[in-house]
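The values are calculated or read from the model by the stated rules, or taken from the named source; none is laboratory data. Predicted, not measured: the structure shown is a model, and the values here were computed from it. In this analysis, Cβ positions are derived from the backbone assuming ideal geometry, glycine residues included, and neighbour counts consider all displayed protein chains. For the accessible areas, the whole protein counts, side chains as well, though only heavy atoms, and no ligand, DNA or RNA atoms are used. Shrake-Rupley method; radii C 1.70, N 1.55, O 1.52, S 1.80 Å.
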Amino acid sequence: MAVSKKYITAEELKKHNKREDLWISVQGKVYNVTDWIKQHPGGDIPILNLAGQEATDAFIAFHPGTAWKYLDNFFTGYYLQDYEVSEVSRDYRKLCVEFTKAGLFEKKGHGVICSFCFIVILLFLTFYGVLFSDSFLIHMLCGALLGLTWMQISYLGHDSGHYVIMTTRGFNKMVQILSGNCLTGISIAWWKWTHNAHHVACNSLDYDPDLQHLPVFAVSPNLFKSLNSMFYGRELTFDSLAKFFVSYQHFTFYPIVCISRVNLFVQTLLLLFSKRKVPDRFLNILGILIFWTWFPLLVLTLPNGTERVLFVLTSFAVTGIQHVQFCLNHFAADVYVGQPKGNDWFEKQTAGTIDIACSPQMDWFFGGLQFQLEHHLFPRLPRCQLRKISPIVQELCKKHNLPYRSLSFYEANRWTIRTLRTAAIQARGLLWEAVNTHG
């Protein structure tokens, strides 16, 4: 005798949206993942951001086919009533299946080996120049090479955080700790925590940590309302200090980004020594200690304080190019306030991203992330495949009348500065209003 299915409505599903009572729907089947978030490899934030919702597209984007078999352990027995798939989602899922059948998620090319070799060469040249040359210019060149090295290491760490680049997950974790913690001083645990949240809540002003830079930057006047950061669990206070900084942010953007690495060091330490549960905390702290051993020792081998300061500033400034790139990918794109929705995954990614147009010869410099939309739609796809699928993504965007923005590096900078200037002018008006009101 056939057993009749049990259904719940979308409104009933929304009630289960808390950490202690967390349900989601994947392809119309409802799952209770309350206990699973404690051990979810991607952290708790991505699931919490989609709690009480239909989350099929996000699940497909972040998980390989092998993950589906684990879902049955969390099945509630309920199905989502009136479950429908939009035409955009239908086409997106079809692409995922086609890419899987073509083996694109597994074809990593020789990029990892090439990256390793390039990084080793850059590190060798940096250390050799610092240790065996007395030339000031050579030392500054080595600072620039170290900054370029950090950029390439970050791309490699980014790859390893999204998919397995090594033969086993154990080796993959080793690469993450080595590339992130030991060589750059930035914790892979911090990166996963913030980056996974960014992917799920792309360009949400109160859910995406990559847009929460007060008091120094604000990409939208909506941030003037002192929104609550759902990521950090605190208010993004837009006070007098923030008004002052934001009023001039289109002038201070590049100087601040040049030294923004300092903020990443601080954020790493704040997380690792917080009460928050941190995966592999000991390994992360050990890796950070290794970085803060070799990097200061390298700097101290330089002959005087002036060269040491300039060496550090040069390395930070060169790496700042990468930080600028990340800002270009999102600052001038569309933003919104509120929780990300699982049923408009494709639309939110197209709205919140901007690609950087470049020749294939420059792919190494941008680490594949110039294809920002392609990466957001298919985060598990190796970077060597992103250029190949770009025309397909463009056609899909065109079919559904969705934005596909690809700008030159120069034009993307213009868009970003224009966005910052627009918000700055409005903030300056509020600043002068406050000055006139309070004397």
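Observations on the structure shown:
- Dipole of the chain [Lys/Arg +1, Asp/Glu -1 at C-beta], most positive-end residue of Ile389, Tyr7, Ala201: Tyr7
- In this simple spin-label model, placing a label point 7 Å from the Cα along the Cα-to-Cβ direction at both Arg421 and Lys275 gives a separation of 4.7 nm.
- Comparing mean-square fluctuations of Thr293, Thr194, Thr34 from a GNM of the chain with C-alpha springs under 10 Å, the top value falls on Thr293.
- Accessible surface ranking that places the most exposed of Glu54, Glu347, Glu235 first, with a 1.4 angstrom probe: Glu235, Glu347, Glu54
- Projected area, mean over directions - region 146-202, Cα convex hull, nm²: 3.9
- Evaluated at q = 0.21 Å⁻¹, the base-10 log of the normalised Debye intensity for region 6-84, with identical point scatterers placed on the Cα atoms, takes the values -0.92.
- Packing around the peptides 339-346, 388-395, taken as the average count of other Cβ atoms within 10 Å per residue, puts them in this order, highest first: 339-346, 388-395.
- Computed with every protein chain present, the accessible area of Cys117 is close to 70 Å² [probe 1.4 Å].
- Taking the inverse of the mean 1/r over every pair of distinct Cα atoms in region 63-140 gives a Kirkwood hydrodynamic radius of 18.2 Å.
- Placing +1 on the Cβ of every Lys and Arg and -1 on the Cβ of every Asp and Glu, with no other charges, gives the chain a dipole of roughly 420 debye about its Cα centre.
- Rounded Å value of the spacing that divides the Cα centres of region 77-135 and region 410-427: 30
- Using the Karplus relation 6.51 cos²θ - 1.76 cosθ + 1.60 with θ = phi - 60°, the per-residue 3J(HN,Hα) values for region 300-313 come to 5, 6, 5, x, 8, x, 4, 5, 5, 5, 5, 4, 5, 4 Hz, with x marking Gly and Pro.
- Backbone HN-Hα couplings from phi across region 254-271 [Karplus 6.51/-1.76/1.60, Hz, Gly and Pro as x]: 5, x, 5, 5, 4, 10, 5, 4, 4, 4, 5, 4, 5, 4, 4, 5, 4, 6
- Each eigenvalue of the Cα gyration tensor of region 110-340, multiplied by 5 and square-rooted, gives one semi-axis; in descending order these are 31, 23, 16 Å.
- All Cα pairs of region 12-162, percent lying beyond 18 Å: 69
- Model label sites at Arg414 and Asn172, defined 7 Å from Cα along the beta-carbon direction, differ in position by 4.1 nm.
- Rounded, prolate or oblate (a/c below 1.5 giving rounded, otherwise prolate when a/b exceeds b/c) for region 215-308 by Cα gyration tensor: oblate
- For region 50-168, a simple Cβ point-charge model (Lys and Arg +1, Asp and Glu -1, everything else neutral) yields a dipole of about 400 debye relative to the Cα centre.
- Within the listed set His162, His195, His16, the Gaussian network model of the chain (springs between alpha-carbon atoms below 10 Å) gives the highest mean-square fluctuation for His16.
- Virtual spin-label span in nm between Asp35 and Arg234, 7 Å along Cα→Cβ: 3.5
- Between the helical axis of 111-132 and the longest alpha-carbon principal axis of the chain there is an angle of about 20 degrees.
- Projecting the Cα atoms of Asn304, Met174, Leu211 onto the charge dipole of region 110-340, computed from C-beta unit charges around the Cα centre, puts Met174 farthest toward the positive end.
- When both region 147-192 and region 1-47 are represented by their alpha-carbon centers, they are found 31 Å apart.
- With R₀ set to 51 Å, the beta-carbon distance separating His400 from Trp294 gives a calculated FRET efficiency near 0.55.
- Charge dipole (debye, nearest 20) of region 110-340; +1 at Cβ of Lys and Arg, -1 at Cβ of Asp and Glu: 540
- Normalised contact order of region 6-84, rounded percent, pairs of Cα under 8 Å and 6 or more residues apart: 45
- Convex hull volume per residue, computed on the Cα atoms of the chain, equals 170 Å³.
- Per-residue ellipticity at 222 nm computed for the chain from its helices equals -17500 deg cm²/dmol, with DSSP H segments shorter than 4 residues left out and the rest contributing -39,500 (n - 2.57).
- Remark: region 291-402 is approximated by an ellipsoid whose semi-axes, taken from the C-alpha gyration tensor as √(5λ), come to 38, 17, 12 Å, largest first.
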